[in-house]
Amino acid sequence: MLVVEPADPLAPGPRAILEASHALMRGMFEPEENYFLDFEALRGPDIRFFAAREGTATLGTGALALKDGYGEVKSMFTAADARGQGVAAAILRALEDEARALGLPLLRLETAEALGAAVRLYERTGFTRRDIFGDYRPNATSVYMEKLLELG
């Protein structure tokens, strides 16, 4: 059974997922096009970090960065052997639930067109494309998206 729960990004399972994510991003994009958070940032007071696991195997990660008036989806990554099994969608639901519980009306994110599966997941779950936001710098690879949340 898939379990999505708060986690420590420095724990062995989440750390391995994050290291794989960072390696992939470094291999695909120029340094100035990478906006992933480092391990210590993911442990900050303005971050809610989650991991998905089945038994003791960590299958994916995701984080919610608390911003002024919105939440930002960060560090979404699924282990290669767990893709296509709903792991990322489950993590995204947990992040949305956390954002709603905190009264955040909006989620935003930055991804890349080259990450087609990610873009399709976000579009399928109600995210729409938008202009650049926050501290991001214009580049040729980034895609910016957002989703309005219905608050209870």
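The values are calculated or read from the model by the stated rules, or taken from the named source; none is laboratory data. What you see is a predicted model; the values in this text were computed from it and never measured. Cβ sites come from the backbone with ideal geometry, for glycine too, and all protein chains shown count toward neighbours.
Of these, P14, P9, which one is part of a loop (DSSP other than H, G, I, E, B), crowded, with 17+ Cβ neighbours inside 10 Å and touching a residue at least 12 places away in the same chain (Cβ under 8 Å)? Can you show your working first?
Details: P14 fails: part of a loop (DSSP other than H, G, I, E, B).
Checking each option against the conditions leaves just P9.
If the condition is being closer than 19 Å to E110 by Cβ and part of a helix (DSSP H, G or I), then the stretch 24-57 contributes L24, M25, R26, G27, M28, P31, E32, E33, A41, L42. If the condition is being surrounded by 20 or more Cβ atoms within 10 Å (Cβ to Cβ), part of a helix (DSSP H, G or I) and not acidic (D, E), then the stretch 95-111 contributes L95, A99. In the set (1) assigned to a strand (DSSP E or B); (2) farther than 14 Å from V4 by Cα; (3) in contact (Cβ under 8 Å) with a residue 24 or more places away in the chain; (4) among the basic types (K, R), R137 fails one condition alone, (1). Here L42 fulfils each of the conditions (1) without any contact (Cβ under 8 Å) to a residue 40 or more places away in the chain; (2) surrounded by fewer than 19 Cβ atoms within 10 Å (Cβ to Cβ); (3) more than 23 Å from T141 (Cα to Cα); (4) hydrophobic (A, V, I, L, M, F, W, C) apart from (2). Looking only at the stretch 57-66, decide whether some residue is within 12 Å of the chain's Cα centre (by Cα), surrounded by fewer than 20 Cβ atoms within 10 Å (Cβ to Cβ), modelled with pLDDT of 95 or more and hydrophobic (A, V, I, L, M, F, W, C). Checking the stretch 57-66: not a single residue is within 12 Å of the chain's Cα centre (by Cα), surrounded by fewer than 20 Cβ atoms within 10 Å (Cβ to Cβ), modelled with pLDDT of 95 or more and hydrophobic (A, V, I, L, M, F, W, C).
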